[in-house]
Amino acid sequence: MVLYKFSDDMELNNAPLSNSLLGKLQKDILTGKLKPGDKLTEQELCKAYGVSRTPVREALRQLEADGLVENILNRGAFVVGMSEQDYEDMFELRKAYEVQAVKWAIERITEEEMDRLEETFEFMEFYTLRNDIDKMLTINNGFHQVIYEASHNRMLKKLLSSYQNYLKYKGIESAYDDDYLTTVLEEHRAIFKAFKDKDVKAGTLAMEMHIDRARERRCGI
């Protein structure tokens, strides 16, 4: 069973062409390669990303629906991006939804999902020992995805997956402290222990603490 895709490129290569382009454009907007106010023309995007007009149009429609691009009548499509306030608000919303996901997941998790959560945590331990930040970040996302699945609420999973996708690029240029991996591992250990103990209160407190600390690490506050 394959649980992880360890790189953006690997994930994009396995996706339909329109989704592949969408992922690349999202990343380029959220990392600042495409800046707020930049005009996006179909012709230039086709050339830059090596695709036809159809996936470009599909991607632009989705980016507009997501609020990352604005289509102005008679002028074209322009990058909107994410402001600091947008990120602040998203962290607050994510915290509330992550806590709810943990509550439901501890109550509803299946034996198979618990096995996946345990396996994911063991991978986190392994890559922490190897001091592999890139792999650890990917598996960190996988750990949360298992919790979203175990909540057995499709709307909550969709919302949190969307927030996770946006926030993973926030602070991507930041340097990591020497104890970053061990700190993150211990935060996830507390969450995992709550699942093992079926302790909803401990799980919600552990997740609240983890999201608050993640916010401090990624937003510099």
The one condition in (1) of a type outside the set (Gly, Ala, Ser); (2) on the phi < 0 side of the Ramachandran plot; (3) more than 15 Å from the chain's Cα centre (by Cα); (4) modelled with pLDDT under 90 that Asn74 fails to fulfil: (2)
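Any residue at all in the stretch 166-173 that's hydrophobic (A, V, I, L, M, F, W, C) and in contact with an Asp or Glu (Cβ under 6 Å, 6 or more places away or on another chain)? Lay out the reasoning, then the answer.
Taking the stretch 166-173 as the starting set, the residues that turn out to be hydrophobic (A, V, I, L, M, F, W, C) are 167, 172.
Checking the rest, the ones that are also in contact with an Asp or Glu (Cβ under 6 Å, 6 or more places away or on another chain) come to none.
Among the residues of the stretch 166-173, not one is hydrophobic (A, V, I, L, M, F, W, C) and in contact with an Asp or Glu (Cβ under 6 Å, 6 or more places away or on another chain), which makes the answer no.
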Residues located in the stretch 80-120, provided they are of a type in the set (D, E, K, R), open to solvent by 30 Å² or more (accessible area, probe 1.4 Å), within 19 Å of the chain's Cα centre (by Cα) and more than 22 Å from Leu63 (Cα to Cα): Glu92, Lys95, Arg116
Qualifying residue in the stretch 185-196 (condition: in contact with a Lys or Arg (Cβ under 9 Å, 6 or more places away or on another chain), under 28 Å from Gln85 (Cβ atoms) and modelled with pLDDT under 95): no
Number of the condition not met by Ala202 [criteria: (1) open to solvent by 70 Å² or more (accessible area, probe 1.4 Å); (2) free of Cβ contacts under 8 Å to residues at least 60 places away in the same chain; (3) over 25 Å from Leu30 (Cα atoms)]: (1)
Filtered residues of the stretch 121-133 (kept if open to solvent by 50 Å² or more (accessible area, probe 1.4 Å), in contact with a helix residue (DSSP H, G or I) (Cβ under 9 Å, 6 or more places away or on another chain) and of a type in the set (Asp, Glu)): Glu125
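The values are calculated or read from the model by the stated rules, or taken from the named source; none is laboratory data. The shown structure was predicted, so the numbers you read here are calculated from the model rather than taken from an experiment. Reconstructed Cβ throughout: ideal geometry from the backbone, glycine too, with neighbour counts over all protein chains shown. Note: areas computed on protein heavy atoms with side chains; ligands, DNA, RNA excluded. Shrake-Rupley method; radii C 1.70, N 1.55, O 1.52, S 1.80 Å.
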